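**Q** One structure coming up, written as structure tokens, with questions to follow.
All of the numbers you see were taken from the coordinates with simple rules; none came from a lab. Just so you know, these numbers come straight off a predicted model, no measurement behind them. Note that each Cβ is placed from the backbone with ideal geometry, even for glycine, and that neighbours are counted across all protein chains shown.
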């Protein structure tokens with residue numbers, strides 16, 4: 001998975017998570033502030049792009065719809081490829097949102113964000129309890 005696609009996938013996962021949390025009345029948690037800024041920034045970027053706005057709305061309305069996720073991911077990646085400053089901003093906002101939702105610093109793999117993506121990394125260390133289900 002190339003870096004822009006990975007960023008887009010993480011952004012879409014945070015948008016969907018935010019939609020689910022707002023339904024569950026968890027939006028007041030500390031992590032929502034960063035994720036909320038991410039969602040607001042994506043909406044501002046998509047303003048005037050009917051296809052992108054529609055994709056964003058579909059994910060917000062149906063956070064579990066994988067087709068909606070894929071559409072939004074594709075459009076978010078396209079916007080990032082056209083504007084490297086926007087890509088940099090998305091990286092920063094995603095890092096902030098992940099950190100605010102319990103990140104402990106350092107490199108981490110968050111399965112909720114990468115889902116079924118294959119991740120190739122150099123050295124992998126696992127500390128603490130390891131539970132597989």
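**Q** Full-extension gain between residue 83 and residue 65, please, as 0.36 nm times their residue separation minus the C-alpha to C-alpha distance.
**A** The residue 83-residue 65 span can extend by a further 3.8 nm.
**Q** Please rank 88, 5, fewest neighbouring Cβ atoms within 10 Å first, as an exposure proxy.
**A** 88, 5
**Q** Going by C-beta contacts inside 10 Å, put 87, 73, 53, 66 in order with the fewest on the left.
**A** On the way: 87 19, 73 22, 53 15, 66 10.
Lowest to highest Cβ neighbour count: 66, 53, 87, 73.
**Q** To make sure I understand, if each residue's beta carbon is the centre and we count other beta carbons within 10 Å, what order do 86, 46 fall in, fewest to most? The partial results should precede the final answer.
**A** Values: 86 16, 46 20.
So the ranking, lowest neighbour count to highest, is 86, 46.
**Q** If r is the Cβ-Cβ distance from residue 58 to residue 99 and R0 is 30 Å, what FRET efficiency results, to the nearest 0.05?
**A** Details: r = 28 Å, r/R0 = 0.92.
For R0 = 30 Å, the calculated efficiency reads 0.60.
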